[in-house]
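Below: one structure, written as structure tokens.
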Amino acid sequence: MTPQIGEIKPIIVGSLPMITAVVFLLVLIFSQVFSKGIINPIIKLAVYADNVKEANNKEIEPLKLSSKDEIAELGSILNELYERLRENYQELEKKNLALAEENKRQEVFLRASSHQLKTPITAALLLVEGMINEIGKYKNTKEYLPKVKEQLQSMRRIVDDILYLNHCADNLRIEAVSMKEILTKAL
């Protein structure tokens, strides 16, 4: 009753193309499922990276991958990288605003100080020009040279004040104070 190898051999050889086709089909199906399991997270990573690139400091949902493999680890690293980049960008924006305010303050300061310097310089130049050309009362250089010296000393004080203010601005420290306490002490 047990079939002999010779009897089974023609049946196996006859069904070999069908078995090969079924195995090939199973291999194709499993490879398709397996490759999708690898490729889909990589596509998600690529889309997420592209969204981060185009974000321009907008809030983006963190990438969520459910697996526990290297691709999920890469996704969490990308999330951390994006978060750090966003924090650095916000910090740079704050610093840029502070620098813009400082530039405005310095521009106003330079305009005011240059205006303050023009008056004594013009006065000193007029006195010296009058003495050089011996015009009218300016012939008496002994009387007007001290006035020129005064004007030059005035310019020197302005320059010293500018340098001092610049030094103070560099070392400026802002702290919160209680106005109520100050007023109470003053009263």
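The values are calculated or read from the model by the stated rules, or taken from the named source; none is laboratory data. It should be emphasised that the depicted structure is a prediction, and the values quoted were computed from it without experimental measurement. So basically every Cβ, Gly included, is an ideal-geometry build from the backbone, and we count neighbours across all protein chains shown. These area figures cover heavy atoms from the full protein model, side chains too; ligands, DNA and RNA do not enter into them. Shrake-Rupley method; radii C 1.70, N 1.55, O 1.52, S 1.80 Å.
For the chain, set up a Gaussian network in which alpha carbons nearer than 10 Å are linked by springs, and say which option among 134, 70, 175 fluctuates the most.
175
Once R0 is set to 35 Å, what does the formula 1/(1 + (r/R0)^6) return for the Cβ-Cβ distance between residue 86 and residue 106, expressed as a FRET efficiency to the nearest 0.05?
Step by step, r from the Cβ atoms, then E = 0.70.
Among 41, 25, 66, pick out the residue whose Cα is farthest towards the positive end of the charge dipole of segment 24-72, where Lys and Arg carry +1 and Asp and Glu carry -1 on C-beta, about the Cα centre.
Selected residue: 25.
In the set [x] 52; [y] 77; [z] 56, which value of percent of Cα pairs over 22 Å apart was calculated from the structure you see?
[y]
Roughly what percent of Cα-Cα pairs across segment 106-187 reach past 14 Å?
Beyond 14 Å sits 73 percent of the P(r) for segment 106-187.
What nm distance separates the two modelled labels at residue 174 and residue 38, each placed 7 Å from Cα along Cα→Cβ?
With each label placed 7 Å out from Cα toward Cβ, I get 5.6 nm.
Roughly speaking, what is the stretch gain from residue 4 to residue 145, that is 0.36 nm per residue apart minus the C-alpha to C-alpha distance, in nm to one decimal?
37.1 nm
Over all alpha-carbon pairs of segment 18-128, lay out the pair-distance distribution in 5 Å bins, whole %, shortest bin first.
2, 9, 11, 10, 8, 7, 7, 6, 6, 5, 5, 4, 4, 3, 3, 2, 2, 1, 1, 1, 1, 0, 0, 0
Along the charge dipole of the chain, pointing to its positive end and built from +1/-1 on Cβ of Lys, Arg, Asp and Glu, which listed residue (88, 16, 186) has its Cα farthest out?
186
For the chain, modelled as a GNM with alpha-carbon contacts under 10 angstrom, which of 133, 103, 51 fluctuates the most?
Top of the fluctuation ranking is 133.
Before I look further, what does the chain give for accessible area per residue, probe 1.4 Å, in whole square angstrom?
Result: 86 Å² of accessible area for each residue.
Relative contact order (percent) for segment 39-152, with alpha-carbon contacts under 8 angstrom and 6 or more residues of separation?
Worked out over segment 39-152, it gives 16 percent.
Applying the Karplus parametrisation 6.51 cos²θ - 1.76 cosθ + 1.60 with θ = phi - 60° to the phi angles of segment 115-120, what ³J(HN,Hα) value in whole Hz is obtained for each residue in order, glycine and proline being reported as x?
Along segment 115-120, the couplings run 5, 5, 6, 5, 4, x Hz.
Quick one: accessible surface of residue 2, probe radius 1.4 Å, all protein chains present, in square angstrom to the nearest 10.
For residue 2, solvent-accessible area is about 110 Å².
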